[in-house]
Structures are given as C-alpha cells and as structure tokens.
1. Only one residue in 161, 154 is outside any helix (DSSP H, G or I) and either touching a helix residue (DSSP H, G or I) at 6+ places or on another chain (Cβ under 7 Å) or small (Gly, Ala, Ser) (or both). Which one?
2. Among (1) touching a Phe, Trp or Tyr at 6+ places or on another chain (Cβ under 9 Å); (2) at pLDDT below 90; (3) polar (S, T, N, Q), which single condition is residue 148 missing?
3. So which of 128, 205, 178 is surrounded by 14 or more Cβ atoms within 10 Å (Cβ to Cβ) and over 30 Å from residue 103 (Cα atoms)?
4. If we keep just the residues of region 143-190 that are within 25 Å of residue 42 (Cα to Cα) and of a type in the set (S, T, N, Q), which is nearest to the chain's Cα centre (by Cα)?
5. Can you spot a residue in region 82-103 that is surrounded by 14 or more Cβ atoms within 10 Å (Cβ to Cβ), part of a helix (DSSP H, G or I) and in contact with a Gly (Cβ under 6 Å, 6 or more places away or on another chain)?
6. In this structure, is residue 77 in contact with an Asp or Glu (Cβ under 6 Å, 6 or more places away or on another chain) and modelled with pLDDT under 90?
7. What are the residues in region 157-168 that are surrounded by 11 or more Cβ atoms within 10 Å (Cβ to Cβ) and over 15 Å from residue 84 (Cα atoms), if any?
8. Output yes when any residue across region 25-44 is of a type in the set (Phe, Trp, Tyr), outside the structural domain of residue 102 (by TED's automatic domain parsing) and at pLDDT below 90, and no when none is.
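The values are calculated or read from the model by the stated rules, or taken from the named source; none is laboratory data. Note that this is a predicted model, so its numbers are computed, not measured. For neighbour counting, all protein chains shown are included, and Cβ atoms are generated from backbone atoms with ideal geometry for every residue, glycine included.
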Amino acid sequence: MPDLTILIPLLIVVIYLLSSIKILAEYERGVIFRLGRVLPQPKGPGVILVFAPIDRIVRISLRIEAMEVPAQDVITRDNVTVKVNAVVYFRVVDPTKAVLEVSNFLYATSQVSQTTLRSALGEVELDELLSQREKLNLRLQTVLDAHTGPWGVKVTVVEVKQVDLPEQMIRAIGRQAEAERDRRAKIIHAEGEYMAAEKLAMAAELIQKQPAALTLRYLQTLVEIGSDKNTTVVFPLPIDIFSSLAGAIDHLAGKKPPEKKLEG
C-alpha cells in the first residue's frame with residue numbers, strides 16, 4: 001500500500017493548484033493584488049493562476065455599460081424649470097485605474113453624470129435645449145469624459161432622452177408655433193400676390209402691343225366655359241367698350257340745343 005504520509009500532502013497540493021486556476025472571458029481582465037500590491041499589468045483573458053491567499057483578484061468587464069441617468073430638475077438660463085433624463089454609455093479602458101482610483105466606478109460615474117447633467121444644461125436656454133440636442137450631447141460627453149478619464153473609464157456616448165416641460169410652457173410653445181406658421185403663411189401669400197402682379201403687368205404690356213391677343217383670350221375663355229356643358233354662357237366684354245359708350249353718350253348730350261327760356 002502507498003504511504004499515506006506522502007499521498008495526503010500530494011493530494012492537498014493538487015487541490016490547491018486546481019483551486020488556483022481561474023478562467024477569464026474575452027471581455028474580462030483580472031487585476032491581481034499580490035501581498036497587497038497590485039501587479040503592473042492585469043491578467044487575462046483565458047486561464048490564469050491566482051495563488052490565494054497571497055494573491056487576490058478583482059474582475060473588471062471591458063464591455064460597454066449603458067446607464068440611465070434619473071430625471072433631474074434643471075433650471076435653464078432663461079429661468080424655465082424642466083425635467084431631463086439621459087442615458088450614458090461608457091466602458092473601462094484601464095482596469096488598474098478603475099480599481100485603484102475609485103472605490104466603485106459604476107456608482108461614481110452615475111453620480112457625476114447627474115451633477116453634470118444639471119450643471120451643463122442649466123447654462124443653455126430652453127430653445128437650445130429643445131433644438132440642439134446633438135450639440136448638447138457632445139458637450140455632455142466631453143465634460144463627463146474629462147471627469148472619468150482619471151478613473152480609467154471612457155464615456156463614449158451621452159444622449160438626452162426626454163425633456164418634460166410644464167403645462168403652461170407647452171401651451172406657450174404651441175401658441176408661438178401657431179403664430180410662426182401664420183406669419184409664414186402671410187409672407188407666402190404676399191409673395192404670391194407680388195409675383196402674380198408682376199406677371200399680370202407683363203401680360204398687360206404684351207396685350208397692349210398686340211390687341212388681337214385680347215380677342216383670342218376671350219375666345220379661349222368661351223371655349224373653356226362651353227366644354228363644361230353649362231346652360232349659362234358668360235361672355236366677357238372689355239371695359240374699353242363701356243368707356244367708349246360713356247364717352248359717346250356724353251358727346252351726344254353736349255350737342256343738344258339749349259332750352260328756350262319763357263319770357264314773362
């Protein structure tokens with residue numbers, strides 16, 4: 001029989017070696033603390049050895065994290081109170097800094113995102129907040145990345161999701177939009193009238209040079225009216241005819257003999 005004094009220590013060593021084997025996924029890195037001091041380079045992915053209790057491992061995921069920023073009360077530069085929420089996408093680029101520089105990088109990133117959202121959006125006006133989302137998103141990303149960079153965290157995208165306005169402000173914006181549409185409609189109508197007047201002036205000038213064109217236009221109008229099978233026929237008369245008739249009547253009235261006065 002084998003000697004138990006040799007077999008038992010050998011079995012303990014085998015079990016210890018097996019328990020020291022750690023497997024890290026492709027997206028994971030292991031920050032190793034050996035006797036309390038961190039190793040220069042994180043380990044992984046794949047199979048690594050962690051000799052407890054000398055070594056201690058902290059697993060860090062390198063995948064992009066999506067974190068929703070709760071709705072924040074923001075007072076814009078033009079003194080309008082709104083509720084704004086956003087979503088932040090970030091990832092760890094330096095696992096060693098993410099462990100050494102901050103106790104909980106997820107919580108720290110969440111808190112700095114909330115404060116940055118309130119402070120950055122408080123410096124803009126309401127119209128800019130509603131219409132220039134891309135510019136504000138880029139600004140928020142730059143500010144957040146400056147805060148989280150020393151922690152080994154890279155902020156990739158910041159998106160403002162929703163802006164909740166007070167009911168009174170929604171009605172005011174609706175009235176403003178309606179007034180703006182009325183203004184545009186009046187301008188377009190005035191421009192159309194101006195262009196129509198220009199075309200009519202050009203047509204009148206052309207007809208004045210060629211009077212026969214006016215007669216052709218009358219005939220064309222009659223053809224258009226007759227094609228609809230209407231029972232009423234409207235024949236347009238030029239205004240010059242009425243002017244000529246009025247002149248003739250005045251001329252005849254001027255040639256009447258004077259009335260004789262009766263002598264008493």
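1. Result of the check over 161, 154: 154.
2. Against the list (1) touching a Phe, Trp or Tyr at 6+ places or on another chain (Cβ under 9 Å); (2) at pLDDT below 90; (3) polar (S, T, N, Q), residue 148 comes up short only on (2).
3. 128
4. 156
5. yes
6. yes
7. 157
8. The initial filter retains those residues of region 25-44 that are of a type in the set (Phe, Trp, Tyr), namely 27, 33.
Filter once more, so that each one left must be outside the structural domain of residue 102 (by TED's automatic domain parsing): 27, 33.
In the following step, the residues that additionally are at pLDDT below 90 were identified as none.
No, every residue in region 25-44 fails to be of a type in the set (Phe, Trp, Tyr), outside the structural domain of residue 102 (by TED's automatic domain parsing) and at pLDDT below 90.
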